[in-house]
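First comes the structure, then the notes that go with it.
The values are calculated or read from the model by the stated rules, or taken from the named source; none is laboratory data. Model, not experiment: these values are computed from the prediction. Cβ placement follows ideal geometry from the backbone for every residue including glycine, while neighbour counts extend to all protein chains displayed.
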There are 2 protein chains.
Amino acid sequence: MALDIAQSTENTTSEQLESYLSAAHSAFGAWAEKTPAQRADVLDAVGDALDAAADQLIPVAISETNLPEPRLRGELKRTTFQLRIFGELLRAGGYLDARIDHADPQWPMGAPRPDLRRTRIPLGPVVVFSASNFPFAFSTAGGDTASALAAGNPVIVKAHSGHLELTRATGEVVAKALDEAGAPAGLFHVVFGTEAGRTVLLDSRIKAAGFTGSIPGGRALMDLAVSRDEPIPFYGELGSNNPVFVTHAAADSRGEQIAADFVGSFTMGSGQFCTKPGTLFIPRNSNLRAALQAQAIPAGAPMLNERIREGFTQVLQQLAGHDSVSVLAQGQEPFGAAPSPTLLVTGIEDLLADPHMLQTECFGPSALVVEYDTEDQLLQAARTFEGQLTATLQAEDDDHVAELVSVLANKAGRVLWNQWPTGVSVTYAQQHGGPYPATTAAGSTSVGTAAIERFLRPVAFQNFPQHLLPAQLQDANPAAVPQLVNGKPVN
Amino acid sequence: MALDIAQSTENTTSEQLESYLSAAHSAFGAWAEKTPAQRADVLDAVGDALDAAADQLIPVAISETNLPEPRLRGELKRTTFQLRIFGELLRAGGYLDARIDHADPQWPMGAPRPDLRRTRIPLGPVVVFSASNFPFAFSTAGGDTASALAAGNPVIVKAHSGHLELTRATGEVVAKALDEAGAPAGLFHVVFGTEAGRTVLLDSRIKAAGFTGSIPGGRALMDLAVSRDEPIPFYGELGSNNPVFVTHAAADSRGEQIAADFVGSFTMGSGQFCTKPGTLFIPRNSNLRAALQAQAIPAGAPMLNERIREGFTQVLQQLAGHDSVSVLAQGQEPFGAAPSPTLLVTGIEDLLADPHMLQTECFGPSALVVEYDTEDQLLQAARTFEGQLTATLQAEDDDHVAELVSVLANKAGRVLWNQWPTGVSVTYAQQHGGPYPATTAAGSTSVGTAAIERFLRPVAFQNFPQHLLPAQLQDANPAAVPQLVNGKPVN
């Protein structure tokens, strides 16, 4: 059959949008009613097809994003792994959160308890807004798409303007693989253009949205999503400063290592990660400051595109122009479009006096070193941060940092101990999402298997005959999924 | 110590609000850091105190709500049971969703997996907007308060204008019990007045909101919650029509029983339940129609208050005045302020022609009977409904209704088989919440143990030493809570 997928990267027309939305709406029932194991097979097939298309897709990605080939090959591998781990999750079935309460005439509430069985079902068509900085892993076939499809939802991807041709080519591979693996027609589409994205988001057939990008862009789309007659959940991953706190003891015992690792982390990928550490708190006049100054800051590498480079330069100038801020170290002179990686420095009193300004996310290869005197100041500073994706401690095991850990856990989605926030592993326990503005829905994650929960909702069946219940709620439990029976976990 | 709790039901002043918000903010850390078992003991103590205060509280509730004593005593029992079942949940620990991924250098993603451990932590102070129709169970010490406190959050209750004195008195019992059980000062407050509610909702120290009430009221508050600089989750339970679908076979085999049970369900508590069945689909010219006409519709009982009675009368007149609608049966003439329970009737073609109008929720003792010919029309009608709290089938085991069940599961949070939606049991598998406008967050429930999830968010700890991890994430698992270890459930 002919695949109804975009053949060009021109802005999608309103006729095409209507056809895609109608197709997504129609595809929902058939996709949702496949068994989780059947959907897992389809996701595996998409992963295989993308792996097989690597040599076709990677050159397109290089030409559109300036990212180096090894990074892009690694990112594609991560992307296909992600599709497969959702397949594994579907086969295990725990994500269904199956709960069975048997009828209980003596229920101590004071009224008999009926037979109640609760599980999660998919929401309906989902729109996914791609990110600029992960052309594979947070784009066409990335985490939002994988988790929404895994949950049982059709997906419409809004292409990021930074890699239109890659989006078209990836979309074609995905659509063909879905079709060949027996997914319902119309399950997956790609649309191009800002207006197309808005139109899809506002359409009543769309039931949720995923987004990765800037705070202003994400907030504007979130405001649209909640303004609808039927507001829908908007899962936006926006911005983060990702502060790192180094204790006196850690600076003393391994200042040079911390300096080297920190420079590696903030300059990695030209600092174009949402988890780039943007602030480093270090003891004043410590070896660590000297070690940072002595570090060979790498030369700049080209950024994703001109707009991102301009944004970086502008915010960096703003930060560097702050009365209290000076340059601590800098990479070699920029050549071409590459900016010079830059380490700024200020004092803790200045940060505490103007935290909002000095904690602005600067997307690119820069960071702000903040010198402090007492660990009580660290606590004070930690309390000034808005919601973060990550917060990191560099500390020794016998440091007294329990209170700081507690403050940071209340600020961030992931708290790290003696590691670095860049590099977000796709696992069962990963949490990529924190209080606003790090994300628009702090109760969710966009990375890891729990990401599927965003695109599901619970439904309870009361007093149903076995043959009309979803498999996971039947007493016979034919797929052997974990169940919570009368409040107790049963495998 | 002196309890800082409202001594009168006058509108709360801005000075008092500031003092309550500041106290709630301060109380958060100490309450969140208690062990779940310690919080469970405190919730039990609140339940005991409310049970002990029944003879003091019930007369106040009767005088303010017109509800009969047995109903109110039952509701109070439900309320204290609810506090205790959250305690049980805290002691079992599964709600913490503890996940442990051990470090894995060979992780097939292509990069080593770090040690990652994820659990849920409380959000911070929560505002709870009380409901008119459940002065205990969805009010001061009701489900939102119980689940928010259980999760580890301070609570500020906005009193419903329909039972101000009961709110004050219940609040006093709760605050005293919390204090005596060792909860931190300032954990719980009650505020009075519309403006006070808005002020609290918009305050940056408040991190989530619970609400039970009307669609316009709930939407207005939700719009405020998401308009904040830091938008917060707004868990609103708004309106629902709760349609019931009777198949030909069911009408034939037990029409009289269905008629009797339906009349009992829609008139129960003067129809003042969010789960009152508002529409009954029956086969045209069936015995069931005759049985409904033959039912002795009970006499009216006083409604909660004059405003609610006026609203009921207005919507009922609007529905009854529809060209296609006539009165099928009615209770005895109203006396005093009690409205006459009323059963209206229309045809399926008329409902399909004007579904939005004919599906308007009419809060009070009325329902609309809709006569249909074919079960295909039932499917068509089911598809016209907006999001619902419940949808019910009255059918026989060999009816072919799988598609109808599937459509209804996509419309409602709870689907019932041969039972009635009124009476919402507090259990592990309960789901009270469906797609908008039934609720503003369809992924959540306001009844049952899963309600606690609304007031928690996940946080991951990467590479942490054991002594700095929450107990549920430690390898030794001292509280013996369920853990997901490397993706596999372990009890």
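Things worth noting here:
- Residues (surrounded by 18 or more Cβ atoms within 10 Å (Cβ to Cβ), at the interface with chain B (Cβ under 8 Å from one of its Cβ atoms) and part of a loop (DSSP other than H, G, I, E, B)) located in region A:449-491: A:Phe464, A:Pro482
- Region A:139-151, subset among the aliphatic types (A, V, I, L, M) and part of a helix (DSSP H, G or I), residue surrounded by the most Cβ atoms within 10 Å (Cβ to Cβ): A:Ala148
- Close pairs from region B:456-476: first touching a residue at least 12 places away in the same chain (Cβ under 8 Å), partner assigned to a strand (DSSP E or B) and surrounded by fewer than 24 Cβ atoms within 10 Å (Cβ to Cβ), Cβ under 6 Å, at least 6 apart: B:Leu456/B:Arg120; B:Pro458/B:Arg120; B:Val459/B:Ile121; B:Asn463/A:Trp417; B:Phe464/A:Trp417
- Residue check for B:Ala24: touching a Pro at 6+ places or on another chain (Cβ under 8 Å), within 30 Å of B:Pro302 (Cα to Cα) and not charged (D, E, K, R): no
- Residue check, A:Ala291 crowded, with 20+ Cβ neighbours inside 10 Å, touching an Asp or Glu at 6+ places or on another chain (Cβ under 8 Å) and more than 28 Å from A:Pro216 (Cα to Cα): yes
- The residue list B:Val459, B:Val405, B:Val481, B:Val447 contains one member that is within 30 Å of B:Phe385 (Cα to Cα) and in the same structural domain as B:Phe86 (by TED's automatic domain parsing), which is B:Val447.
- Contact map, region B:7-29: first residue farther than 14 Å from B:Gly171 by Cβ, second residue of a type in the set (S, T, N, Q) and surrounded by 13 or more Cβ atoms within 10 Å (Cβ to Cβ), Cβ cut-off under 6 Å, separation 6 or more or different chains; pairs are B:Leu17/B:Thr199.
- Test for B:Glu256: is it of a type outside the set (S, T, N, Q) and more than 14 Å from every other protein chain (Cβ to nearest Cβ): yes
- When B:Gln332 is tested against the conditions (1) over 20 Å from B:Phe266 (Cα atoms); (2) over 25 Å from the mean Cα position of the chain (by Cα), the lone failure is (1).
- Which listed residue, of B:Ser340, B:Ser406, is among the hydroxyl-bearing types (Ser, Thr, Tyr), buried (at least 16 other Cβ atoms within 10 Å of the Cβ) and either closer than 30 Å to B:Glu69 by Cα or in contact with a Pro (Cβ under 6 Å, 6 or more places away or on another chain) (or both): B:Ser340
- Hey, B:Glu64 at pLDDT 95 or above, of a type in the set (Asp, Glu), crowded, with 17+ Cβ neighbours inside 10 Å and part of a helix (DSSP H, G or I) or not: yes
- From B:Phe192, B:Phe138, B:Phe211, B:Phe188, residue being more than 13 Å from chain A (Cβ to nearest Cβ) and in contact with a Gly (Cβ under 6 Å, 6 or more places away or on another chain): B:Phe211
- Selection status of A:Val226, free of Cβ contacts under 8 Å to residues at least 12 places away in the same chain and either closer than 28 Å to A:Gly443 by Cα or crowded, with 24+ Cβ neighbours inside 10 Å (or both): yes
- In region A:160-180, the condition of being under 19 Å from the mean Cα position of the chain (by Cα) and small (Gly, Ala, Ser) is met by at least one residue.
- The set of residues from region B:206-222 being touching a Phe, Trp or Tyr at 6+ places or on another chain (Cβ under 9 Å) and either surrounded by fewer than 17 Cβ atoms within 10 Å (Cβ to Cβ) or closer than 15 Å to A:Ala442 by Cα (or both) comprises B:Lys207, B:Ala208, B:Ala209, B:Gly217.
- Within region A:26-38, being farther than 15 Å from A:Asp179 by Cβ and buried (at least 18 other Cβ atoms within 10 Å of the Cβ) holds for A:Phe28, A:Ala32, A:Pro36.
For (1) more than 9 Å from chain B (Cβ to nearest Cβ); (2) assigned to a strand (DSSP E or B), each residue gets a yes or a no:
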site	(1), (2)
A:Glu386	no, no
A:Ala391	yes, yes
A:Glu396	yes, no
A:Gly413	no, yes
A:Leu416	no, yes
A:Gln419	no, no
A:Gly423	no, no
A:Val426	no, no
A:Pro437	no, no
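- Some residue of region B:77-99 being assigned to a strand (DSSP E or B), within 12 Å of chain A (Cβ to nearest Cβ) and in contact with a Leu (Cβ under 9 Å, 6 or more places away or on another chain): yes
- If the condition is being among the polar types (S, T, N, Q) and without any contact (Cβ under 8 Å) to a residue 60 or more places away in the chain, then region A:252-285 contributes only A:Gln257.
- So B:Arg383, is it at negative phi, charged (D, E, K, R) and either buried (at least 21 other Cβ atoms within 10 Å of the Cβ) or at pLDDT below 95 (or both): no
- The single condition among (1) within 12 Å of chain B (Cβ to nearest Cβ); (2) surrounded by fewer than 20 Cβ atoms within 10 Å (Cβ to Cβ) that A:Asp48 does not satisfy is (1).
- A:Gly162 vs. criteria free of Cβ contacts under 8 Å to residues at least 12 places away in the same chain and either assigned by TED's automatic domain parsing to the domain that holds A:Phe312 or farther than 21 Å from A:Phe28 by Cα (or both): no
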